[in-house]
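The values are calculated or read from the model by the stated rules, or taken from the named source; none is laboratory data. Fair warning: this is a prediction, and the values are worked out from it, not measured in the lab. Here the Cβ positions follow ideal geometry from the backbone for every residue, glycine too, while neighbour counts run over all protein chains shown. All accessible areas refer to the heavy atoms of the entire protein, side chains included, with ligands and DNA or RNA removed. Shrake-Rupley method; radii C 1.70, N 1.55, O 1.52, S 1.80 Å.
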Amino acid sequence: MPHQCTTCGRTFPDGSKEMLSGCPDCGGNKFQFKPAGATEEPAGDDAGSPGASADPSPSTPEGPTGSTADQGTSDGAAADPTPDERAADPSPGEAADATRPDAAASADRSSETDGTEQIADRSDEDTAQASARSEVVSPDELDRASREVENTEDPSPAEGEQPGIDALRDELNDQFESIRIVSPGQYELNLMELYDRQEYIISLQEDGRYVIEMPDAWGIQDE
Amino acid sequence: MGLLTNLRDSISRVTDGLFAADEPKRIGIYGPPNAGKTTLANRIARDWTGDAVGPESHIPHETRRARRKEGVEIERNGRTVTIDIVDTPGVTTKVDYKEFLDHDMEKDDAVRRSREATEGVAEAMHWLREDVDGVIYVLDSTTDPFTQVNTMLIGIIESQDLPALILANKTDLPGADVQQIANAFPQHETIPLSALEGDNMDEVYTKIAEYFG
Ligand SMILES: Nc1nc2c(ncn2[C@@H]2O[C@H](COP(=O)(O)OP(=O)(O)OP(=O)(O)O)[C@@H](O)[C@H]2O)c(=O)[nH]1
Ligand SMILES: [Mg+2]
């Protein structure tokens with residue numbers, strides 16, 4: 001269950017379409033990545049984890065300059081989730097392309113439509129960036145979200161290289177191939193994947209967590 | 001592109017039609033780190049509104065959140081063109097905190113800057129997909145324009161049919177090679193300038209009015 005609603009704590013299988021229209025329980029639309037390795041089961045050897053097999057979502061969108069590299073091998077390929085085998089990855093972005101315009105109804109959010117910072121006057125960068133950041137998700141929320149996950153995993157804070165962090169990182173890289181964490185502070189970005197994604201990544205954390213925001217309901221129901 | 005994207009496109013087209021036709025266009029200032037995007041954004045904003053947009057720095061990834069200045073009115077040939085400018089974080093395929101250590105930064109700060117920079121790239125890509133009506137692509141003309149990032153971004157911009165201006169910045173520097181940029185992207189108009197010195201800004205404004213008005 002790699003994703004968790006930051007508002008009510010409900011968890012979702014990876015790639016769950018339910019997330020697309022906001023949390024069915026509380027309407028929240030911020031979700032936190034929760035590596036499978038952080039829960040009961042050790043990562044990697046459990047091919048039948050609910051998300052991995054339940055929703056292969058093969059519909060990776062076509063990038064404008066062609067296609068992303070690992071399309072096409074989605075179905076049934078969940079048998080061997082080795083770190084480098086990404087083809088079976090039912091990542092949230094791919095799931096987000098599922099054709100469910102009607103599902104997008106409940107979200108109530110304004111930041112998606114306008115996440116940039118409006119410049120009122122010259123301000124000190126740190127303050128400006130901090131406030132921009134908090135516009136999207138309050139430090140409080142981030143904090144709470146982190147703590148909720150911490151409860152279910154290693155209680156010690158992630159500082160540097162602790163045992164298991166590599167596994168977590170592999171897991172994250174596997175699930176979330178648009179940003180590859182090489183080591184703390186070192187990242188490789190797949191621009192095409194980032195561009196293709198519909199969800200908005202709002203916070204990346206070193207230990208394999210991130211908080212994402214799903215796209216707005218887009219007002220499709222108003223049609 | 002997926003069905004949703006198409007749907008969304010048609011919806012925003014409908015919406016565009018419903019609201020005032022002369023809604024200001026939102027112009028994203030894109031390019032690799034350190035190209036001079038913020039310097040340009042500040043110059044445009046200062047010239048026409050008196051305000052600045054954000055801090056400039058010789059250390060890459062100074063801008064790590066998109067910053068926007070709305071309602072910038074540019075006058076050209078007796079006509080006023082209103083645009084919203086969005087200064088975006090420099091786009092790159094690799095962020096490494098070690099790069100910042102050379103700039104006298106503590107490791108903790110460097111790692112944090114690196115993480116924020118990565119989030120910034122994600123944000124910039126998100127905006128490119130969702131929310132800009134045109135692009136000003138800024139390149140440092142003392143550096144090689146044939147990079148994966150430039151090719152990919154220009155490719156995306158073209159695939160979206162966004163109007164785009166390519167600016168060859170830093171022409172005040174001795175190693176500037178505007179022609180190399182023009183050669184790299186022959187399908188687009190390349191305009192030389194020095195955002196720092198303010199050289200050739202007249203032509204830049206004329207082109208902005210022409211492309212985004
Ligand atoms: N010589 C010269 N330097 C320039 C020019 N434009 C910008 N610079 C310098 O280049 C450095 C980077 O400028 P910024 O405007 O911060 O660059 P940026 O593209 O916003 O960079 P990021 O926000 O890191 O992506 C600063 O030291 C600027 O003073 C120019 O026309 N000539
Ligand atoms: Mg900048």
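Couple of notes before you dig in:
- Å² per residue, accessible surface of chain B at 1.4 Å: 42
- Charged neighbours of B:Ala176, selected by a Cβ distance under 11 Å, balance to -3 (K, R count +1; D, E count -1).
- The stretch B:90-213: antiparallel DSSP beta bridges as a percent of all, rounded to 5: 10
- Modelled spin labels at B:Asp144 and B:Glu189, positioned 7 Å past Cα toward Cβ, are 3.0 nm from each other.
- Largest-first ordering by accessible area, 1.4 Å probe, given options B:Glu197, B:Glu70: B:Glu197, B:Glu70
- Ellipticity at 222 nm from helices only: DSSP H runs of n ≥ 4 in chain B, each -39500 (n - 2.57), divided by the residue count, give -13000 deg cm²/dmol.
- Calculated FRET value between B:Asn200 and B:Glu106, using beta carbons and R₀ = 45 Å, to 0.05: 0.70
- Student exercise, chain B dipole from Lys, Arg, Asp, Glu Cβ charges, in Debye to nearest 20: 440
- Burial of 50 Å² or greater, the stretch B:64-86 residues [accessible area, probe 1.4 Å, versus chain by itself]: B:Arg65, B:Arg67, B:Arg68
- Most mobile of B:Gly36, B:Gly175, B:Gly134 in a GNM of chain B (Cα contacts under 10 Å): B:Gly175
- GNM flexibility winner over chain B from B:Asn183, B:Asn200, B:Asn77 (Cα, springs under 10 Å): B:Asn77
- Taking 24 Å as the limit for the C-alpha separation, the pairs A:Lys30/B:Lys25; B:Lys37/B:Lys94; B:Lys25/B:Lys94; B:Lys170/B:Lys207; B:Lys25/B:Lys207 exceed it in the case of A:Lys30/B:Lys25; B:Lys25/B:Lys94.
- Normalised by the number of residues in chain B, the average gap of Cα pairs under 8 Å and 6 or more apart makes the relative contact order 22 percent.
- Taking all protein chains as they are arranged and a probe of 1.4 Å, the heavy atoms of B:Leu165 leave approximately 0 Å² accessible to solvent.
- The stretch B:180-199 and the stretch B:39-98: distance between their alpha carbon centers, rounded to Å: 17
- Global form of the stretch B:155-213, assessed from the alpha-carbon gyration tensor, a/c cut-off 1.5: oblate
- Per atom type, chain B shows carbon and sulfur on 45% of its accessible surface, probed at 1.4 Å.
- Once B binds A, the 1.4 Å probe can no longer reach about 4700 Å² of accessible area, counting both sides.
- Segment B:Gln179..B:Thr49, full-extension length gain: 43.6 nm, with 0.36 nm per residue of separation and the alpha-carbon distance subtracted.
- Counted residue by residue at 0.36 nm each, then reduced by the alpha carbon distance between them, the extension gain from B:Lys98 to B:Asn77 reaches 2.7 nm.
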